[in-house]
Amino acid sequence: MSSGIFITLEGSDGSGKSTQANLFKEYFQGHEINYLVTREPGGTVIGEAIRAVILDPQFKEMVPEAEMLLYAASRAQLVQQVIRPALDQGQVVLCERYVDSSIAYQGYGLGRKYLSKVRLINQEATGGLKPDLTFLYDADPESIINRAIDISTQEGLAGGDRIEQRTPAYHARVRWGYLQLAEADPERFVVLTTKGRTPQDLFTESIQVLQERFPSRF
């Protein structure tokens, strides 16, 4: 059994996951907590190369099956190379996105007929590894997708990456999928509504949750 704690951050593009990850990192450092912060897709040299392909707007012809397999391939590398070893060493592992993202984006987003495929592929990719706790940052997809595109444009992907450029209806399905996942697993999910709240407000509530769930570690 692993002595580590596996925490994931989920939510639509532009919901503030990266900001929260940075706040967690500062907190872990300030409290001398043995931690690892990573992201998906990516987190390894192979994963980052896969990420570049997945998000590149020029690959508009990518079929859903290829998309879900690429995400799973990046995830398999990250789990085996990074996440499991860190958990075995007793670290607190914080990951931006995980399997729930694939279920929401490739399952609910692309069409519910893909749900069973996404779940099966990711069971194999992760070896069944599940987070101990998942923070879901819930925001209106139509309003935050513009923020996500702005961020991507600053990073060199004019107009947003391949996923961000999809229709508002797609992003609405993604959000609905996330909420369905949270409803089905309330013990693992903590849903934080972002509207009208500052990043610090959300982070303060998140830390309170960690202290309640894992008092001996936080």
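The values are calculated or read from the model by the stated rules, or taken from the named source; none is laboratory data. Values in this document were obtained by computation on a predicted structure and should not be read as measured data. All Cβ positions, glycine included, derive from the backbone under ideal geometry; neighbour counts span all protein chains shown.
Any residue in region 190-207 that is in contact (Cβ under 8 Å) with a residue 60 or more places away in the chain and more than 15 Å from L136 (Cβ to Cβ) sitting within a Cβ distance under 9 Å of a residue that is of a type in the set (F, W, Y) and part of a helix (DSSP H, G or I)? List the pairs, counting only those 6 or more apart or interchain.
I207/F24; I207/Y27
Identify, please: which residue in region 190-217 is touching an Asp or Glu at 6+ places or on another chain (Cβ under 9 Å) and assigned to a loop (DSSP other than H, G, I, E, B) and is, among those, nearest to K130 (Cα to Cα)?
Restricting to residues being touching an Asp or Glu at 6+ places or on another chain (Cβ under 9 Å) and assigned to a loop (DSSP other than H, G, I, E, B), the top hit is F214.
Pick from region 162-189 the residues that are in a helix (DSSP H, G or I) and of a type in the set (A, V, I, L, M, F, W, C): which of them is farthest from the chain's Cα centre (by Cα)?
In this case the residue turns out to be A169.
Within region 1-12, identify whether any single residue is of a type in the set (S, T, Y) and closer than 22 Å to G177 by Cα, and answer yes or no.
Going residue by residue through region 1-12, those that are of a type in the set (S, T, Y) are 2-3, 8, 12.
Still in the list and also closer than 22 Å to G177 by Cα: 8, 12.
There is at least one residue in region 1-12 that is of a type in the set (S, T, Y) and closer than 22 Å to G177 by Cα.
Looking only at residues in region 40-62 that are among the small types (G, A, S) and either buried (at least 19 other Cβ atoms within 10 Å of the Cβ) or closer than 21 Å to Q20 by Cα (or both), which one is farthest from the chain's Cα centre (by Cα)?
Among them, the one singled out is G47.
Residues in region 1-36 that are surrounded by 19 or more Cβ atoms within 10 Å (Cβ to Cβ) and farther than 30 Å from A169 by Cβ: how many?
The total comes to 7.
Considering only region 125-141, I want to know if a residue exists there that is at pLDDT below 90, more than 15 Å from the chain's Cα centre (by Cα) and over 19 Å from I50 (Cβ atoms).
The answer is yes; a qualifying residue exists.
Quick check on region 74-92. Is at least one of its residues in contact with a Phe, Trp or Tyr (Cβ under 9 Å, 6 or more places away or on another chain) and under 28 Å from T198 (Cβ atoms)?
Yes, region 74-92 has at least one match.
Please list, ordered by residue number, the helices (runs of 4 or more DSSP H) wholly in region 63-140 having 3 or more residues that are surrounded by fewer than 18 Cβ atoms within 10 Å (Cβ to Cβ).
64-78, 115-126
Conditions: (1) closer than 18 Å to L136 by Cα; (2) modelled with pLDDT of 95 or more; (3) polar (S, T, N, Q). S74 meets all but one. Number of the miss?
(1)
If you take the residues in region 190-203 that are among the hydroxyl-bearing types (S, T, Y) and under 17 Å from the mean Cα position of the chain (by Cα), which one is farthest from S15 (Cα to Cα)? Before the answer, list the steps.
Taking region 190-203 as the starting set, the residues that turn out to be among the hydroxyl-bearing types (S, T, Y) are 193-194, 198.
In the following step, the residues that additionally are under 17 Å from the mean Cα position of the chain (by Cα) were identified as 193-194.
Values: T193: 10, T194: 7 Å.
Per the criteria, the residue is T193.
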